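Here's the structure, in structure tokens; my notes come after.
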Amino acid sequence: MLLEQVEYVRPQSLDEALEILANDDGAAPLAGGQSLTNVLKNRVASVDVLVDISRLDDLAGIARTADGGLSIGACVTYDELDRSADVRQTHWLLGEVAAHIEDQQIRNKGTIGGNCCLSDPTNNLPPLLVALDAVMELRSRAGQRSVASADFFKGYFATALEPGELLVSVTVPPMPAGSGAGYTSLAVGADAKAMVRAAARVTLDGGTIADSRLVLARVAHVPVRDTDAEARLNGGDATEESVAAACAGVADGMQPIADVHGSSEYRRQMAKVMARRAVSQAVAAARGSRNGSKAGGN
Amino acid sequence: MTITSTPVTGEATKTWSGRSMPRKEDGRLVQGQGSFVDDGGMHGQGYAWFVRSPYAHARIVSIDCEPALAMEGVYAVLTGDEAKAMCQAPFFAIAPPPGSLMQEWPLAVDKVRYQGDAVAVVLADSRETARDAAERVVVEYEPLTPVTDTVAAADPAAPLLYDEAGTNVAWHGLFDYGDVDWALENADHVVKLDRLHFHRFTSSPLECNGAVVDFDRGTGVVSVLSNYQMPMFAAMVVGPTIGVPMNKFNFVSKDIGGAFGIKIGFYPQIAALALLSKKAGRPAKWTEFRTEHMLTAGHGNERTFLDVEVPVMADGTILGLKVRAFDDAGAYLHYEPLGAVIWSQVVPGCYKLKHVRVDYTEVVTNKCPVVPNRGYSRMQHLWLVERIVDVVAHELGLDPVEVRKRNYVQPEDYPYETPNGCIYDSGDLPRSLDIALELAHVAEWRERQRELGTGTGRRIGIGIGSTLDSGTNNFGQSRIINPDLPFSGNGEAAFAKLDLFGEINVNLGTTPQGQGHETTAAQVAADILGVTPEDVTVTTGFNQANNSYVGFSGTYASQFAVSGLGAVMGAAQKLRHQIVKLAAFALQAEEDEIELEGGSARVRGDEERAIPFIGLSNMVYTNNAGLPASLLDECDLNARYVYVPPFEVPDTVAKTGNLTLTYASQVHVCVVEVDEETGEVKVVEYAAVDDCGNRINPLVVEGQVHGATGLGIAASLYESLDYDESGQLQEPSFYEYHVGTAMDIPDVACGDIESPSPFTPNGAKGMGEGGGAPLHAVCAALQDALGAGAPVVSESHNHWARVYELLHRDPGAPRGVEVVTRTAEPGAGVESL
Amino acid sequence: MGERGTSHAVTVEVNGEKVSRIVAARQLLVHFLRDTLGLTGTHIGCDTGNCGACSVIVNGKLVKSCMILAPQVDGATIETVEGLADGDSLSPLQESFHEHHALQCGYCTPGMLMSATYLLRQNPDPTDEEIRRGIRGNICRCTGYVNIVKAIRAASREQASGGRPVPAAAGEEV
Ligand SMILES: Cc1cc2nc3c(=O)[nH]c(=O)nc-3n(C[C@H](O)[C@H](O)[C@H](O)COP(=O)(O)OP(=O)(O)OC[C@H]3O[C@@H](n4cnc5c(N)ncnc54)[C@H](O)[C@@H]3O)c2cc1C
Ligand code: FES
Ligand code: FES
């Protein structure tokens, strides 16, 4: 409550927003405000001017891309993801994960763009977007560029965004044929902040895993792909036993942050469990050939 | 439908007490028309913001208020030194030395003792400016080593919070009943537990603290509009410090957004605001926000039990217990060390333990001060007793149900005198347990537990929590802490009045925070006065000007049904008496011929001879010429009554006496499902059986049971307040402190038994706090899920990582329990005890 | 061009009434409602967006009014607890909360009612689990949620059996 003095502006166009952001180091985009408002309330960072981008048409809407993937405007809310027929059809799990972010009020305001640009390690969407090979479309007055989601998250509250740059949309490629996705979290309470998460995508070739993505969240400051585990999975049987064996070494050598909810060692163990469950879900989804299917909860 | 109080109608006399009635207070609350503290204000008020310490323990080197005062809109800044200079004494201490040397002032003086300790307070023309200015008050600190571990704090080598006291031990006492040494020597088994730990948490009401305080320099009257739940306690503590007599206070509270004991703790803020108002010459309004609340408003008592020894007979009869208890009061003794005796209201828990020795140490640490948190101090001890009973069953391979039933105080034992002289009034624990087991479908769950077996990764656990909710304190127990204290007994006051047009008003000294006093008081008064509850207007909240209060007024410690309603009954009966007298005069009848019905007084059997209440009011208030003086003298239609429970002063040397009037009981059964791989726990079934004697409004009672259950489950699995070594709170807001949500807290099946209390005017027992039964039940369920040979569930809070550790502890590692079995002739002579 | 500044003119429709005010950019919607407009039915229970006591409906969407700045709602239609009853006649949910003792201190109640109202507009016949999900963002410390779930369920049943429906949303859904 009771923020510091701050300016507010609601630009009428994307260009105008980029202009303001380019000219003022102390400007910050305000999207859903479901994190930024808290930052301001608790006066942990100060902002000169809030640039309200939430009503910009250029950042709204979900579109199918020519290749059957999705282009999601940065200001699309979790609730819109949850209810979008396109999302449910092409990437069912993305809608499902969005449907389990905290609560209805936050889902009605929080945006995919804000969820990523904050780069809070507890946020739900980053690990999933990395597992889905999503691409972040960035724009500044200087022009537009694309950054792979795997390269977008740079650290605790840090991203590849340059000053004056906005995330305008997220492109999610179509699920490869024969693939499925999975997502699991170990949370303090239902739909609450997670201690560990894992997101996975596997592509099956008959009874074997042809390709995989395994992304862990909260074992480090940013979502990390466990390429060793992926290598163990790839070419292996798509059975419980072989998935379990491949995931046994997950997070070894990592030092997850310890806090009141558990030690570093506990989190490492949990990363293995979450990884195995996410991969198993992905396998089941691939078998059921529902795109990115099976409810992973939050 | 509208929910308003209509004037006296004329419905036939019915019995309203004992009925489930929707509440009178709901109408305004569902429409957003409640009047909570931040909704109100006073003319010309400024807004206050406290400057608080980021350090847990530090010396205050200097405070520079100039940058704040230089800001536009800032009225005043008050520092700790200034405040002290305006005071006549530190706050009154409950403890004798050395506790009494641990002095507290309205704002910190010289030192800060916990993160969030207030060093100054700013008054400005807006909330925002006040906060902006507070950030510009420059405080220089010299950090000191903080003390955060409860047991280590008692070590003479530990850094001291109060140099003047020379120790961090605020109080120490030995409670020794029966002959525990004898029992330990003669028992078949002695079960020994290394350490049990009851964690720090807060039932944290949804509305934070708040107050608008005006120090009127003209009249010297201090007006306090606040959500304080024990206003006259605040007045008694604050008055002598800031030099204000009781008749110059005017405490007012309206709707209160929950309290759970926490709102007994903010008298330092009230004092600081009064002084700030005095300095600035205008009322000071302070609204606490959540982070401030979590850091400073008060936490529940954290207690560590060491060296637990339990003498048990082969058949599972538990003879007693011996333990060293260390209770952590935090940085200041806000209500402590009262907790050091409050627990002894329930020395043997629900059981017939006869030999009990508790070596009790109250320490101060560099953490937020503790305040009475729902289940205050008894909950911690009851948890210990329940853990003991549960562990005994598991260790001896006995059925936890049977062990409980064997040791329970039996229905025929009431009134039952405990080893320290408390009188348990009534109850039927074995039947309560049977009902709870059935409601929770325990037979089916046991089946399911067997089916699941091992290797499925899932486990079922079933646990029981039996507790007591002791209500209506005998404040004489405070003398066990400090024999010089001038307190004993208890009481509550109420007025019942027939107003000018025959309307019925009741007001009383309680400060309800959701307990439905307006409704239950109206039910009780309606029965006595022959009207409907709709006809009775019960004043909302507390107003000192109403004069319906005594020193112990307020709403706390599970006592309303007894003391509050006892006062209402008394006042209503007095009023009835006056009405009957007047009516007999008016109707030319004998008093014993008069009956009250439908808002009229009439002569029994004669429809024609009746007078409505408005007629009686008219006789007294507005048309009284010629009325006999003796009648006017006796019948002012304004009846005050003070209910005083029957208590003696306890024996302060032996530490014995009847410490509370009633003992409601709760038996809860909890079924959990545990994920072996992660330690996640889900409560899959929950049943609660409450026995609080006669229930005035079962709907309200059941609501209290639901609430206490929800908070207890949340505390057992989600809510914990933890400090790191530097004394920083790890959960300073609801973002970190995961409050149980509707998706975390299960549905609760409620059962009830009504064992009327023989000691109360209405057979009711106080209830509402609930004795922490869910914490006991969840721990027991986890113990059950862990299975034979598992470590002891030794913490009251069990988050997933802890459960995981219990599930996966190395089989060779210590389990925290040891059973020593006597080799000599078992049980010789024990029967006779 | 959007106007930039530390204060802004804001026009909103609150419970059917149009109001215009100059607000500080830093003012939260909840403070605007409570302190500026005097609509104190909307409560504050936390400072991190967790408790939902401040829930209101803006342009048909349930939101927490402590997570929005006042200038952000310029042009919006806002529904608060004060607008739920139709004169003296309580909304079916308000009545159901009363009947089922779904409130104790009543502090969470306004926000809880807004969430329940939104839920039943979206989903007139929710399961108990859907009800619990629908009020996941509203903390109640008094009731253990038991009677709140019961009251919402009863109101939805009542509506299904031809009773009065939950009032429709004000303003367009955006
Ligand atoms: C009580 C509570 C619990 C929560 N729990 C969870 C949870 O469990 N999981 C979870 O994922 N989230 C959670 N959140 C956070 C929520 O999801 C936020 O919505 C999200 O973190 C930020 O999205 P936003 O749209 O609200 O962004 P904002 O708060 O508006 O912005 C966040 C940051 O991103 C920047 N930004 C926003 N959009 C852009 C853009 N397009 N380009 C460049 N920069 C941009 C902003 O400047 C700001 O720094 C919770 C929030 C609350 C209040
Ligand atoms: S006050 Fe808005 S969520 Fe708590
Ligand atoms: S009724 Fe008190 S918080 Fe819900």
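The values are calculated or read from the model by the stated rules, or taken from the named source; none is laboratory data. Values in this document were obtained by computation on a predicted structure and should not be read as measured data. Heads up, the Cβs are rebuilt from the backbone with ideal geometry, glycines too, and the neighbour counts pull from every protein chain shown. Ligands, DNA and RNA are excluded from the accessible area calculation, which covers all protein heavy atoms including side chains. Shrake-Rupley method; radii C 1.70, N 1.55, O 1.52, S 1.80 Å.
Computed over the protein assembly as shown, the per-residue total of -39500 (n - 2.57) for DSSP H runs of n ≥ 4 gives a 222 nm mean residue ellipticity of -8000 deg cm²/dmol, rounded to 500.
Counting only protein heavy atoms and using a 1.4 Å probe, what share of the accessible area of region A:7-52 belongs to carbon plus sulfur, as a whole percent?
On the way: 670 of 1620 Å².
Here carbon and sulfur together make up 41 percent of the probe-accessible area.
Measuring r between the beta carbons of B:Asp499 and B:Ala629 and using R0 = 22 Å, the FRET efficiency lands at 0.45.
Once backbone amide H atoms are built at 1.01 Å from N, B:Gly320 has B:Lys354, B:His355 as its partners under 5 Å, excluding neighbours fewer than 5 places away on the same chain. Packing-based ranking of A:139-146, B:535-542, A:24-31, B:492-499 yields B:492-499, B:535-542, A:24-31, A:139-146, ordered from highest to lowest mean Cβ neighbour count within 10 Å. Length gained on full extension, B:Asp434 to B:Glu164, computed as 0.36 nm times the residue gap minus the Cα-Cα distance: 91.7 nm.
The string of couplings for region B:534-545 from the Karplus curve (6.51, -1.76, 1.60, θ = phi - 60°) is 4, 7, 9, 9, 9, 4, 6, x, 10, 9, 4, 5 Hz, one whole number per residue in order, with x for Gly and Pro.
Partner shielding of C:92-98 amounts to 4, given as the average count of beta-carbon atoms from other chains within 10 Å of each residue beta-carbon. Between A:Leu70 and A:Thr65, A:Val172, the built amide H atoms are under 5 Å apart, and every one of these is 5 or more places off in sequence or on another chain.
Element breakdown for region A:179-287 at a 1.4 angstrom probe: carbon and sulfur atoms account for 51% of the accessible area.
Determine, for each peptide in B:233-244, B:398-409, the mean count of other beta carbons within 10 angstrom over its residues, then list the peptides with the highest first.
On the way: B:233-244: 21.2, B:398-409: 19.1.
Result, highest mean first: B:233-244, B:398-409.
Normalised by the number of residues in region A:7-52, the average gap of Cα pairs under 8 Å and 6 or more apart makes the relative contact order 56 percent.
The stretch between B:Glu607 and B:Asp747, if pulled fully straight at 0.36 nm per residue, gains 45.3 nm over its current Cα-Cα span. Partner aspartates and glutamates whose Cα lies under 14 Å from the Cα of B:Lys24, excluding those fewer than 8 positions away in the same chain, are identified as B:Asp255, B:Glu518, B:Glu534, B:Asp535, C:Glu95, C:Glu99.
The listed residues B:Trp16, B:Trp286, once ranked by accessible area (1.4 Å probe) with the largest placed first, stand as B:Trp16, B:Trp286. Highest GNM mean-square fluctuation among A:Glu102, A:Glu162, A:Glu265, for chain A modelled with Cα contacts below 10 Å: A:Glu162. The order of B:Trp105, B:Trp800 by accessible area, most exposed first and with a 1.4 Å probe, is B:Trp105, B:Trp800.
Label-to-label distance, A:Ala45 versus A:Leu14, with points set 7 angstrom from Cα along the beta-carbon direction: 2.3 nm. For region B:491-643, the share of accessible area belonging to carbon and sulfur comes to 48 percent (1.4 Å probe, ligands and nucleic acids excluded). How far apart, in nm, are the 7 Å Cα→Cβ label points at A:Asp205 and C:Thr36? Each label point lies 7 Å from its Cα, and together they span 6.2 nm. Solvent-accessible area of B:Trp49, all protein chains in place: 50 Å² (probe radius 1.4 Å, heavy atoms, ligands and nucleic acids excluded). For the residue pairs A:Lys109/C:Lys150; C:Lys61/C:Lys150; B:Lys248/B:Lys278; B:Lys765/C:Lys150, alpha carbon separations beyond 18 Å are given by A:Lys109/C:Lys150; C:Lys61/C:Lys150; B:Lys765/C:Lys150.
Please give the charge dipole size of region A:57-172, origin at the Cα centre, charges +1 on K and R Cβ atoms and -1 on D and E Cβ atoms. Round to the nearest 20 debye. Provide the component values of the computation, followed by the final result.
Numbers: 9 positive and 16 negative charges, 28 e Å.
That gives region A:57-172 a dipole magnitude of about 140 debye.
Ordering B:Arg19, C:Arg164, A:Arg268 by accessible surface, largest first, gives C:Arg164, B:Arg19, A:Arg268; the 1.4 Å probe counts only protein heavy atoms, with every chain in place.
Computed from phi, the 3J(HN,Hα) profile of region B:469-483 under the Karplus parametrisation 6.51, -1.76, 1.60 (θ = phi - 60°) reads 10, 7, x, 6, 4, 9, 5, x, 5, 4, 6, 5, 7, 8, x Hz, with x in place of Gly and Pro.
Contact order for region C:7-83, expressed relative to its length and based on alpha carbon pairs under 8 Å spaced 6+ residues apart, stands at 39 percent. Here the peptides B:703-714, C:15-26 are ranked by packing, the mean other Cβ count within 10 Å, and the order with the highest first is B:703-714, C:15-26. The slack between B:Met71 and B:Ala89, meaning 0.36 nm per residue of separation minus the straight C-alpha distance, is 3.2 nm. Peptide A:98-104 shows a mean partner chain C-beta count of 6 within 10 Å per residue C-beta. Accessible area per residue for region B:491-643, computed on protein heavy atoms with a 1.4 Å probe, is 35 Å².
Counting only heavy atoms of protein chains, what accessible area per residue, in Å², does region A:179-287 have with a probe of 1.4 Å? Display every interim value, and only then the final one.
Details: 3490 Å² over 109 residues.
Per-residue accessible area for region A:179-287 comes out at 32 Å².
Each label was represented as a point 7 Å from its Cα along the Cα-to-Cβ direction; for C:Ala170 and B:Asp810 these points are 6.6 nm apart. With a 10 Å cut-off around each Cβ of B:798-807, the average count of Cβ atoms from other chains is 4.
Solvent exposure of B:Ile480, expressed as accessible area, is near 10 Å², computed with a probe of 1.4 Å over the protein chains only. Chain B against chain A buries an accessible area of about 2100 Å², both chains summed, 1.4 Å probe radius. Calculate the length of the line joining the C-alpha centroid of region A:14-63 to that of region B:379-411, in whole Å. Result: 59 Å between the Cα centres.
Do you know the relative contact order of chain B, to the nearest whole percent, from alpha carbon pairs under 8 angstrom that are 6+ apart? Numbers along the way, then the final one.
Details: 2177 pairs, mean separation 144.6, N = 833.
Answer for chain B is 17 percent.
Computed 3J(HN,Hα) for region A:55-71, one whole-Hz value per residue from the Karplus formula 6.51 cos²θ - 1.76 cosθ + 1.60 where θ = phi - 60°, is 9, 6, 4, 5, 9, 9, x, 10, 10, 7, 8, 4, 7, x, x, 10, 10, glycine and proline marked x.
For B:Ser62, the accessible surface of its heavy atoms amounts to roughly 50 Å² (probe 1.4 Å, protein chains only, rounded to the nearest 10).
Given R₀ = 56 Å, what would the calculated FRET efficiency be for B:Arg448 paired with B:Asn547, taking r from the Cβ atoms and rounding to 0.05? Write down the numbers at each step before the final one.
Working: r = 60 Å, r/R0 = 1.06.
Once rounded, the FRET efficiency stands at 0.40.
Using Cβ point charges alone (K and R +1, D and E -1), the dipole size of region A:179-258 about the Cα centre works out to roughly 420 debye. Shown here: chain B, whose C-alpha atoms stretch 92, 74, 51 Å along the first, second and third principal axes, sorted largest to smallest. Close amide-amide hydrogen proximity is noted between C:Gly2 and A:Gln12, each under 5 Å apart and 5 or more residues distant or on a separate chain (H modeled in the peptide plane; Pro and chain starts excluded).
In this structure, C:Met1 and A:Asp151 have a Cβ-Cβ separation that, at R0 = 30 Å, corresponds to a calculated FRET efficiency of about 0.30.
In terms of distances greater than 19 angstrom between alpha carbons, the cross-link table entries B:Lys354/B:Lys405; B:Lys192/B:Lys655; B:Lys322/B:Lys354 yield B:Lys192/B:Lys655.
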